[in-house]
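Below is one structure, written out as C-alpha cells, with a few remarks after it.
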Amino acid sequence: MRVSELSRSSEVPVATIKYYLREGLLHRGETTSPNQARYDESHLRRLRLIRALVEVGGLPIAVVRDVLAAVDDPDTGLHRMLGRTVYAVTGTGDGGGAFAERAEADVRALTAHLGWRVSDRAPALAGARSVLARMHELGHPPDADTLQRWAEAADRIGEADLDAVGRVADREGVAETALVATVLGDALIAALRRIAQESHSSSRYPAAGI
C-alpha cells in the first residue's frame, strides 16, 4: 500500500507517518520509485503500537524509540524487553518525604510475604513507596491485613497478565499485550474495584441506600 493508504488504514496523518519514519520509529517501506514506497501490514501494526505508546501511554518520542529498539532487537530477552516496555509507562512518585522509611518497611514486608523478585531499580517499587508514604502522612495507612490482601490480589493480576503475554507468539505482539494490560488494564481494574466496593457495601449496609 502507498503512504496515503497506510494513513487511511491507521488513521495516522501522512505528515505524522513521515515524522515517525524520520525519527526511526517506523521502518522504511520498499522503494518503488525515487519518490514512492510500498508499505505492508508490518507498518500498519507498528503504527498502531506507536499510537498506543504515544497516545495511550503518553510517552515521549525518545522513550518510544527505546522501547521499540528493545522490541526489534532479537538479542534482548523477553524479560528485559517487557521490563523496558512496562518501566517506560510506570511512574515513580515523589520519593515519600518524611514517611519514606515507614513506606519502605511496608514494601519490603510485602515483597518478602509474596516472594516477589524485583529489581531495586523498578519504578513501581518507588511508586508504591511514594503512595504508601502519602497514606501514612494523611494518617490512614492500610493495616497489615488489608495491605497483604491488596498485594495478593495484585500478584494474581500480574500472573494473569503474564499468562496473557505467554499466549502471544511474536515479540511485537508481546509488547502490545503488555502495554495494553499495563496502561488500559490499570484503568479497568480500578473500575472493577469500584463495582466490587458498591456491591459489598450494598450487602453489608443495605439500609443506607445510595
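The values are calculated or read from the model by the stated rules, or taken from the named source; none is laboratory data. Predicted, not measured: the structure shown is a model, and the values here were computed from it. Methodologically, a virtual Cβ is constructed for each residue, glycine included, from the backbone with ideal geometry; neighbour enumeration extends over all protein chains shown. Areas reflect the complete protein model, heavy atoms only, side chains present, ligands, DNA and RNA absent. Shrake-Rupley method; radii C 1.70, N 1.55, O 1.52, S 1.80 Å.
Summary table
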{"read-out": "Matching residues, region 30-40, being at pLDDT below 90 and assigned to a loop (DSSP other than H, G, I, E, B)", "value": "Pro34, Asn35"}
{"read-out": "Hits in region 15-29 (condition: open to solvent by 50 Å² or more (accessible area, probe 1.4 Å) and part of a helix (DSSP H, G or I))", "value": "Ala15, Lys18, Tyr19, Arg22, Glu23"}
{"read-out": "Glu55 being assigned to a helix (DSSP H, G or I), under 13 Å from the mean Cα position of the chain (by Cα) and among the acidic types (Asp, Glu)", "value": "yes"}
{"read-out": "Which listed residue, of Asp106, Asp75, is acidic (Asp, Glu) and not in a helix (DSSP H, G or I)", "value": "Asp75"}
{"read-out": "Filter pass, Arg129 being under 29 Å from Val174 (Cβ atoms), open to solvent by 50 Å² or more (accessible area, probe 1.4 Å), modelled with pLDDT of 90 or more and in contact with a Gly (Cβ under 6 Å, 6 or more places away or on another chain)", "value": "yes"}
{"read-out": "Long-range neighbours under 6 Å by Cβ, at least six apart or interchain, first residue assigned to a helix (DSSP H, G or I) and of a type in the set (Phe, Trp, Tyr) within region 125-151, second open to solvent by 30 Å² or more (accessible area, probe 1.4 Å) and modelled with pLDDT of 95 or more", "value": "none"}
{"read-out": "Residue selected from region 89-103 under the condition in a helix (DSSP H, G or I) and not acidic (Asp, Glu), by the criterion surrounded by the most Cβ atoms within 10 Å (Cβ to Cβ)", "value": "Ala103"}
{"read-out": "Selection status of His200, over 25 Å from the mean Cα position of the chain (by Cα), closer than 21 Å to Gly93 by Cα and free of Cβ contacts under 8 Å to residues at least 24 places away in the same chain", "value": "no"}
{"read-out": "Single match in Val12, Val67, Val86 (criterion: among the hydrophobic types (A, V, I, L, M, F, W, C), assigned to a loop (DSSP other than H, G, I, E, B) and either buried (at least 16 other Cβ atoms within 10 Å of the Cβ) or modelled with pLDDT of 85 or more (or both))", "value": "Val12"}
{"read-out": "Out of Thr76, Thr146, Thr92, sole residue that is closer than 23 Å to Ala164 by Cβ and polar (S, T, N, Q)", "value": "Thr76"}
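Conditions (1) within 18 Å of Leu179 (Cβ to Cβ); (2) surrounded by 12 or more Cβ atoms within 10 Å (Cβ to Cβ); (3) touching a Leu at 6+ places or on another chain (Cβ under 6 Å), marked per residue:
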position	(1), (2), (3)
Val3	no, yes, no
Ser33	no, no, no
Gln36	no, no, no
Ser42	yes, yes, no
Leu47	yes, yes, no
Ala52	yes, yes, yes
